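**Q** First the structure, which I've put down as structure tokens, then a few questions once you've had a look.
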Amino acid sequence: MKIPIFQVDAFNTELFKGNPAAVCPLAEWLPDEILQKIASENNLSETAFFVKENSKYSIKWFTPLSEVDLCGHATLATAHLLFNHLNYPDQTISFSSLSGELLVNRQDNNLIFLDFPSQPPRPIPLDKVYLTAFGIQPIAAFKAKKLMLVFKNEEEVLNLEPDFSQIINLDPLGVIATAKGEKYDFVSRFFAPAVGINEDPVTGSAHTTLIPYWSDLTGKEQLIAWQCSKRGGVLYCKNHKERVLIGGHAVTFLEGTINL
């Protein structure tokens, strides 16, 4: 069996920046065990698989260790593939997923917006373990699906020295670190060693929590964010209360074939 595979750098306009995702179009679903083995072999933070079902698409995402219920950059990469390589004719794509229906819309200059469910955070007590896990004590802690720690400023987020042996025990889905930005409305980093990703370069799903938080704090419905990892990525954010829009660009790095 031969399966097409593409690698796409998401949330940037340049190769070797943003977040790389593998994307595999399938004629029909293969067993999850096989999908997990492919994702592990790819050894990227996410591999997306999708199948056309009538006028919609069904999508799944796998890290090197496990399936996840939502992934932003791999969805953006999949939409980029459909729009730019597979001749998808319309401007909006509907994906069915473990997180429900997800709409993706292409606008001018190939800017692609993901329409995801909002996950506003709730405040939780600060814990001393955050200082030992990151080397800097956050000023506030919140919880949605993921743990989110707020730091004093952008410099602190940039200078975090994560101890992954401790972070792996903080939250099974990962930890968001964030602060008000200098050039951008806010910045963030994301760490998820429990699912095989020590630091994710750009994390769309984390912004389902970051957007409602920073929108409420700043009073802005539209924000521009920078995930300040080594590769880095810019995200164009809109708060629509129950939903959030997460926009970004993508660029194709490679095309190939998997031989099973």
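The values are calculated or read from the model by the stated rules, or taken from the named source; none is laboratory data. Values in this document were obtained by computation on a predicted structure and should not be read as measured data. Virtual Cβ from ideal backbone geometry, glycine too; neighbours counted across all protein chains shown.
**Q** Answer yes or no as to whether ASN110 is of a type in the set (S, T, N, Q), outside the structural domain of LEU149 (by TED's automatic domain parsing), at positive phi and more than 22 Å from the chain's Cα centre (by Cα).
**A** Values: of a type in the set (S, T, N, Q): yes; outside the structural domain of LEU149 (by TED's automatic domain parsing): yes; at positive phi: yes; more than 22 Å from the chain's Cα centre (by Cα): no.
So ASN110 does not fit the description; no.
**Q** Would you kindly identify the helices (runs of 4 or more DSSP H) lying entirely within the range 153-247 that contain at least 3 residues that are on the phi < 0 side of the Ramachandran plot and either among the basic types (Lys, Arg) or within 19 Å of the chain's Cα centre (by Cα) (or both)? Spell out how you get there, then give the answer.
**A** Details: elements: 154-158, 164-167, 207-218.
Hits in the range 153-247: 207-218.
**Q** Further question on the same structure: Looking only at residues in the range 67-100 that are without any contact (Cβ under 8 Å) to a residue 24 or more places away in the chain and on the phi < 0 side of the Ramachandran plot, which one is farthest from the chain's Cα centre (by Cα)?
**A** From the range 67-100, those without any contact (Cβ under 8 Å) to a residue 24 or more places away in the chain are 87-92, 100; that's our starting set.
Cutting the leftovers down to on the phi < 0 side of the Ramachandran plot gives us 88-92.
Details: TYR88: 23, PRO89: 25, ASP90: 24, GLN91: 21, THR92: 19 Å.
It comes out as PRO89.
**Q** Spot the failing condition for LYS145; the list is (1) assigned to a loop (DSSP other than H, G, I, E, B); (2) in contact with a Leu (Cβ under 8 Å, 6 or more places away or on another chain); (3) farther than 26 Å from TYR236 by Cβ, and only one is missed.
**A** With (1) assigned to a loop (DSSP other than H, G, I, E, B); (2) in contact with a Leu (Cβ under 8 Å, 6 or more places away or on another chain); (3) farther than 26 Å from TYR236 by Cβ applied to LYS145, the lone miss is (3).
**Q** Please work out which residue is nearest to the chain's Cα centre (by Cα), limiting yourself to the range 1-22 and to residues that are surrounded by fewer than 24 Cβ atoms within 10 Å (Cβ to Cβ) and charged (D, E, K, R).
**A** This residue is LYS17.
**Q** Kindly indicate which of ILE224, ILE211, ILE176 is within 19 Å of SER118 (Cβ to Cβ), in contact (Cβ under 8 Å) with a residue 40 or more places away in the chain, touching a Lys or Arg at 6+ places or on another chain (Cβ under 8 Å) and not assigned by TED's automatic domain parsing to the domain that holds HIS73. Full working, then the answer.
**A** Numbers: ILE224 fails: touching a Lys or Arg at 6+ places or on another chain (Cβ under 8 Å); ILE176 fails: in contact (Cβ under 8 Å) with a residue 40 or more places away in the chain.
That would be ILE211, the only listed residue that is within 19 Å of SER118 (Cβ to Cβ), in contact (Cβ under 8 Å) with a residue 40 or more places away in the chain, touching a Lys or Arg at 6+ places or on another chain (Cβ under 8 Å) and not assigned by TED's automatic domain parsing to the domain that holds HIS73.
**Q** If you don't mind, there's one more thing I want to ask. So the check is Cβ under 6 Å with 6+ separation or different chains; which pairs have a first residue in the range 247-259 that's in contact (Cβ under 8 Å) with a residue 24 or more places away in the chain and a second one that's β-branched (Val, Ile, Thr) and part of a strand (DSSP E or B)?
**A** Short answer, once both residue conditions are applied: ALA250/VAL8; THR252/VAL8; GLY256/ILE5; ILE258/ILE3; ILE258/ILE5.
**Q** Could you list, in sequence order, all residues of the range 219-260 that are under 26 Å from GLU101 (Cβ atoms), in contact with a Pro (Cβ under 9 Å, 6 or more places away or on another chain) and at pLDDT 95 or above?
**A** GLN227, GLY233, ASN239, GLU242, ARG243, VAL244
**Q** Under 8 Å between Cβ atoms, which residue pairs at least 6 apart in sequence (or on different chains) link something in the range 7-29 that is under 18 Å from SER188 (Cα atoms) with a partner that is of a type in the set (Lys, Arg)?
**A** Going by the 8 Å Cβ cut-off, the qualifying pairs are ASN12/ARG231; LYS17/ARG231; GLY18/ARG231; ASN19/ARG231.
**Q** Filter the strands (runs of 3 or more DSSP E) completely within the range 23-135 down to those with at least 2 residues that are modelled with pLDDT of 95 or more and buried (at least 17 other Cβ atoms within 10 Å of the Cβ).
**A** Strands (runs of 3 or more DSSP E) meeting the threshold: 47-53, 56-62, 92-97, 100-106, 112-117.
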